[in-house]
Amino acid sequence: MVISHHISDGTLHVRILHELDVTDRAAAALQIESLVHAHRPERVTVELPSRSPSPMTFSALARAQRMCQSLGVPLTATAPGGRAPLSPFGPDESGAPRPHWLEHGARHNH
């Protein structure tokens, strides 16, 4: 199992249980996609296994974010523990640019 989930107050909460590798990246993204299509949540939160996700973990997150965006469902990534929101798709809380995770294995959207 690569993810766990629960639904509360219209939010699908997904937890990626460990850093993903090439063998389970697609499975995690597909499981998230299936849950969104099955439950039609108002929003999705994805709890990452670390504050700096591996390239494969970020790839699955990016795929889920693109799918949610196409459906008009907001997706938020959180740090381990699910309390501190992360913005891996833009600048951090101080305005500093994030590492270029997309350059390390995740597909670019142009």
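Just a few scattered comments:
- Where a residue in the range 41-59 is in contact (Cβ under 8 Å) with a residue 40 or more places away in the chain and its partner, wherever it lies, is of a type in the set (Phe, Trp, Tyr) and not in a loop (DSSP other than H, G, I, E, B), with Cβ under 6 Å and at least six apart: 58/101
- Positions within the range 49-61 being crowded, with 22+ Cβ neighbours inside 10 Å and of a type in the set (A, V, I, L, M, F, W, C), in sequence order: 58, 60, 61
- Output for the range 37-70, where each listed residue is hydroxyl-bearing (Ser, Thr, Tyr) and assigned to a loop (DSSP other than H, G, I, E, B): 50, 52, 54
- Here residue 66 fulfils each of the conditions (1) among the charged types (D, E, K, R); (2) at negative phi; (3) more than 12 Å from the chain's Cα centre (by Cα) apart from (3).
Quick note: the coordinates plus some simple rules give every number you see, no bench work behind them. The structure displayed is predicted, hence computed values, not measured ones. When we count neighbours, we look across all protein chains shown, and the Cβ atoms used for this are built from the backbone with ideal geometry, even at glycine.
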